[in-house]
Amino acid sequence: MRILETGAFDGTRRDPLGRILALLTVLVVLLHGTQASVNLLRGVKDASLSLGVVDIVVWAAIALWFLRRIIRFDIAWPPISWAGILGAIWLILSSIAVLKGAAGRDITVSFKQGAVKAVQFAEYFVAAYLLIAETGTSRIWRARIVAALGAAVAIATACGLFQYFARDVLVLNIRGSWFENRNTFGAFLALSVPILAGAAAYGRSLRFRLGMGILTLAALAVCMSGGAFLALCIGLLTVAALRGLVRFGILAVVLSVLAVFVLPHLPRENSGVLLDSVLLYRDGDPYRTVHHNIVEEKIKPASAESAAIRHRKLMGGRPLNFADLPSEADTMWKWRQGCLEWQAGLNMAAAYPLFGVGAGTYQENVNRFYDMPKYRENLLEPDTLSGYIVWAATAGLPFLMILLWIFLRAGRNAAAVLFGENDPFRCGLAAGILGSLAALAVLCVFTNPLVRGVGVTMVLAPALAEALRRSAPIEARERSK
C-alpha cells in the first residue's frame, strides 16, 4: 500500500519499514537535546568531524526513507522544504570566493567550512524536516513526537537541576543534558517548552497540565541565560494569549511574581545571573562567566597595578612614560565583547550584503571589521553572538530572507489550524508552534540557535506546522465519517 497523505506508514504489519522509519523519527526528537559528540577524525592532524548520535540517526533514517520509497515504488510527493534546499545552496554559494569579486581578496573564504555548514543546515531543514513532517502527518505518531520532545525536555531539565544544586558547577556550566554552555541549553528550552505548553493548555488531561506546569517552572529555574529566559517567557505568554486573555493575565502575574519574589532568593540568585548575562557594560565578573574568572584574577589586578605605578611616579615627582598612560582599549574589557561584535558584524554584513564573507568563517574575518577599540584578551562568552547578525554577515541578507520564509510559512500554517479548527490536540500544537516561533524571534537577538543540539529543536516548529497542514484534509474526512 502506498502512503500518499497519511504519514510515514499505514499502521499495519504490511509496512515494517515505515514503522521503523517512524520509530527513528521519534528517536531523533528524543535524542537531539544534547551537544555531546565524538570527533571521528580525532587522530588526523588539523582535521575534525564531530558527530552526535542524532546526526547518525537522521542520516540513517533518510537512507531508509529512500530505500522504502524504492521498494514500494512510492512516487507520492514528499514534504520537501524548498526553502531549506535553497538555504543549503545559498550557504554553498556564500563560500565561493569568485562570487565576491575583487573584494573577496580582503577576506578569508573557506569552501570546506561552507560545505560543512551547508550539510548541517540540510540535515536540519531538509532531512529532519522531511522526517518529522511526514511522520507527524499521522495523528498517533504526531502525539508520540510530542511525547518524545517532552521526555527530552524533562531529561535535560533534570540534569540542569542536578547541576544547579551542585556547588562546584559554575553558572556557565548549568547546561542540562551535556549542552556546551548555558546559552545553547537555554535556547533548547526556549524553543521546546512552548510547544509542550501549547499541547497542555488545550489538552483535557489535568495530570498533563499539572506535570507541564511543574516542568515549566523547573525549566525557568535552570535557564541561566538572560536572552533565552526572556525568549522562553515570550513564548509562554504567546501561548497563553492565544488561549485567552484571562490565561494571559494569570500567566503574566505568575511570571511577575516569579521574577520579583522568587528568582532573587533562589540558591543561585537567578535574577542577578540573568541580568548580568545581558548587561552591555559591567565592571566585574561576579559569576565567573569569562574564562574561569580571568576578569577578577588577571584583568582587574593588572589595571589596579598600572594605576598604582602611575600614582607612585606622580607622588615621587618622576615623569610618566607614554606606556604608563591608560588608553581607551585598557578599559574596553568592561563592555561585553558579544555586544561590541554587533557593530563589527553589521560592518561585515554591510560590506558583503549578498553572499556575506562565507559560511563558517565568521571568526576568521570579524576582527578586521572592528572600528572601535577592543581589549587584547578574548572575553567572548560562547554562543552569545546574535544569530541575525552572524547569518547576515556570513551568508548575506538573502539567507536571512530564506529563514524568514521558512518560519513565516510555519506561522501561517499553524495559524490556519488554530483559528480554523476546534480539535484540542491540533489547536494546542498549533498554539505551541506559534509560541516557539515567537520565542525564536527573540532568541536570535542573543544567540545563534543554528548549532548542533538546537538545530533540530529549531526545525520542529516548521516541520510540525507542515504536518498539521498535510493532515488537515485526512483528519477532517475521518471526523465526518
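Rounded to the nearest 20 debye, what is the charge dipole size of the chain about its Cα centre when +1 sits on each Lys and Arg Cβ and -1 on each Asp and Glu Cβ?
I would put it at about 1040 debye.
Could you tell me how many cubic angstrom of Cα convex hull volume the chain has per residue?
Cα convex hull per residue, to the nearest whole number: 177 Å³.
Of the chymotrypsin sites (Phe, Trp or Tyr not before Pro) in segment 45-131, which ones lie in a loop per DSSP and count no more than 10 other C-beta atoms within 10 Å?
73
Each residue of segment 65-72 in order: what ³J(HN,Hα) in whole Hz does its phi give by Karplus 6.51 cos²θ - 1.76 cosθ + 1.60, θ = phi - 60°, with x for Gly and Pro?
So the J values, rounded to whole Hz, are 4, 5, 4, 5, 4, 5, 4, 8.
Considering the dipole of segment 262-407 built from charges on the beta carbon (Lys and Arg +1, Asp and Glu -1) around the Cα centre, which of 397, 382, 309 is farthest to its positive end?
309
From the phi angles alone, apply the Karplus equation (6.51, -1.76, 1.60; θ = phi - 60°) to segment 236-241 and give each ³J(HN,Hα) in whole Hz, x where the residue is Gly or Pro.
5, 5, 5, 4, 5, 5
List, in order, the whole-Hz ³J(HN,Hα) value for each residue of segment 273-289 obtained from phi through the Karplus relation with A = 6.51, B = -1.76, C = 1.60 and θ = phi - 60°; use x for Gly and Pro.
Going residue by residue, I get 5, 5, 5, 4, 6, 10, 5, 7, 9, 8, 9, x, 9, x, 9, 6, 9 Hz, with x marking Gly and Pro.
Write out the chymotrypsin sites (Phe, Trp or Tyr not before Pro) in segment 163-218 meeting two conditions: DSSP loop, and at most 15 other Cβ atoms within 10 Å of their Cβ.
Filter output for segment 163-218: 165, 178.
Using Cβ counts within 10 Å as a stand-in for footprinting exposure, how do 132, 250, 85, 92 rank, fewest first?
250, 85, 92, 132
Name the residues whose placed amide hydrogens come within less than 5 Å of the amide hydrogen of residue 50, ignoring near sequence neighbours (fewer than 5 apart) on the same chain.
Under 5 Å from the amide H of residue 50 lie the amide H atoms of 40, each far enough along the sequence or on another chain.
Where does each of 458, 401 land when they are ranked from fewest to most other beta-carbon atoms within 10 angstrom?
Least to most surrounded, the residues fall as 401, 458.
From Cα pairs below 8 angstrom and at least 6 apart in sequence, can you work out the relative contact order of the chain, rounded to a whole percent?
Computed value for the chain: 23 percent relative contact order.
Where does each of 37, 436, 277 land when they are ranked from fewest to most other beta-carbon atoms within 10 angstrom?
37, 277, 436
For residue 300, go through the aspartates and glutamates and keep the ones whose alpha-carbon is under 12 Å away, minus same-chain ones fewer than eight residues off.
Filter leaves 283, 285, 330.
Can you pull out the trypsin sites (Lys or Arg not before Pro) in segment 196-279 that DSSP calls coil and that have at most 15 other Cβ atoms within 10 Å?
204
Just so you know, all these numbers are worked out from the coordinates, no wet-lab data involved. It should be emphasised that the depicted structure is a prediction, and the values quoted were computed from it without experimental measurement. Note that each Cβ is placed from the backbone with ideal geometry, even for glycine, and that neighbours are counted across all protein chains shown.
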